Amino acid sequence: MYQGKRIARDFFTRDVLDVAPDLIGKNLTITGNDGFPVRFPLTEVEAYRGHEDKACHASKGKTARTSVMFGEGGHLYVYLIYGMYWMLNIVTGPEGNPQAVLIRGVTGISGPGKVTKRLSIDRSYYGEDLVISSRIWLEDAGINPVYKTGPRIGIDYAGEYWKSVPWRFYI
DNA sequence: TCAGTGATTAGG
DNA sequence: CTAATCACTGAG
């Protein structure tokens with residue numbers, strides 16, 4: 001099987017609208033309890049982009065929770081929602097430009113809360129650097145799947161315009 | 001359609 | 001300190 005190689009910093013420091021579609025088909029790779037890497041091809045993601053995007057948590061300014069989004073791309077933004085589900089995001093863009101991509105699905109697992117449950121992602125992954133971490137990283141699988149686009153899910157509070165932009169990318 | 005569940009946030 | 005909010009899920 002083609003395992004690919006770890007994706008480096010410059011992939012993540014581009015604009016979120018360039019990174020998000022490029023993530024489709026990449027392997028989210030995480031070391032299991034036995035120490036061996038397990039690969040999960042990304043199938044569904046959403047882009048959240050900067051101060052003006054009313055759906056982006058960073059649009060209300062920098063807080064303790066969102067601070068990692070203001071840093072360099074390649075780090076993980078992980079937070080708890082509805083008291084039960086961890087949301088996994090990959091920060092993108094250069095430092096000072098708050099953006100992130102929500103991981104909504106991988107092959108065989110549909111739904112952001114289910115993905116983190118299956119991969120055992122929790123608070124301890126907040127700020128983890130995919131470029132250097134020994135327990136989670138991203139690999140190029142050497143494929144570029146055809147993908148679809150559509151509006152983002154679960155952001156009714158963001159207003160009609162930001163609710164409608166097609167920043168969800170999925171197979 | 002709707003309850004569960006608790007961290008995070010703004011405001012007093 | 002209080003209270004509202006929430007990038008979800010599964011049951012009915």
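Any read-out appearing in this document is the output of simple, stated calculations on the displayed coordinates, not a laboratory observation. No experiment lies behind these values; they were computed from the predicted model shown. So basically every Cβ, Gly included, is an ideal-geometry build from the backbone, and we count neighbours across all protein chains shown.
Applying the Karplus parametrisation 6.51 cos²θ - 1.76 cosθ + 1.60 with θ = phi - 60° to the phi angles of the range A:160-171, what ³J(HN,Hα) value in whole Hz is obtained for each residue in order, glycine and proline being reported as x?
Coupling constants for the range A:160-171: 4, 5, 5, 6, 9, 4, x, 9, 9, 10, 7, 8 Hz.
May I ask which residue of A:Q99, A:W167, A:G35 lies farthest towards the positive end of the charge dipole of the range A:5-170, with charges of +1 (Lys, Arg) and -1 (Asp, Glu) on Cβ and the Cα centre as origin?
My answer, from the dipole projection, is A:G35.
Students often forget the sequence filter, so: which lysines lie under 24 Å Cα-Cα from A:K114 once same-chain residues fewer than 8 apart are removed?
Filter leaves A:K26, A:K148, A:K163.
Considering all projection directions equally, how large on average is the shadow of the alpha-carbon convex hull of the range A:28-86, in square nanometres? Present the calculation step by step, with values, prior to reporting the outcome.
Values: hull surface 23.0 nm².
If I average the Cα hull's projected area over directions, I get 5.7 nm².
Tabulate in residue order the Karplus-calculated ³J(HN,Hα) for the range A:96-110, using 6.51 cos²θ - 1.76 cosθ + 1.60 with θ = phi - 60°, rounded to whole Hz; enter x for Gly and Pro.
x, 10, x, 8, 7, 10, 7, 8, 8, x, 10, 4, x, 9, 10
Between A:K62 and A:T149, take the C-beta separation as r, use R0 = 22 Å, and let me know the FRET efficiency to the nearest 0.05. Don't skip to the answer; put the middle values down first.
Numbers: r = 29 Å, r/R0 = 1.32.
FRET efficiency, A:K62 to A:T149: 0.15.
Calculate I(q)/I(0) for chain A by the Debye formula, one identical point scatterer on each C-alpha and no solvent, and give its log10 at q = 0.11, 0.14 Å⁻¹ to two decimals.
Results for chain A at q = 0.11, 0.14 Å⁻¹ read -0.40, -0.67.
Loop by DSSP (not H, G, I, E, B), at most 14 other beta-carbon atoms within 10 Å: where is the longest site-free stretch of chain A for GluC sites (Glu not before Pro)?
The reported range is A:96-171.
Using the Cα centre as the reference, give the magnitude of the dipole from point charges on the C-beta atoms of chain A (Lys, Arg: +1; Asp, Glu: -1; all else neutral), rounded to the nearest 20 debye.
Values: 21 positive and 18 negative charges, 82 e Å.
Result for chain A is approximately 400 debye, rounded to the nearest 20.
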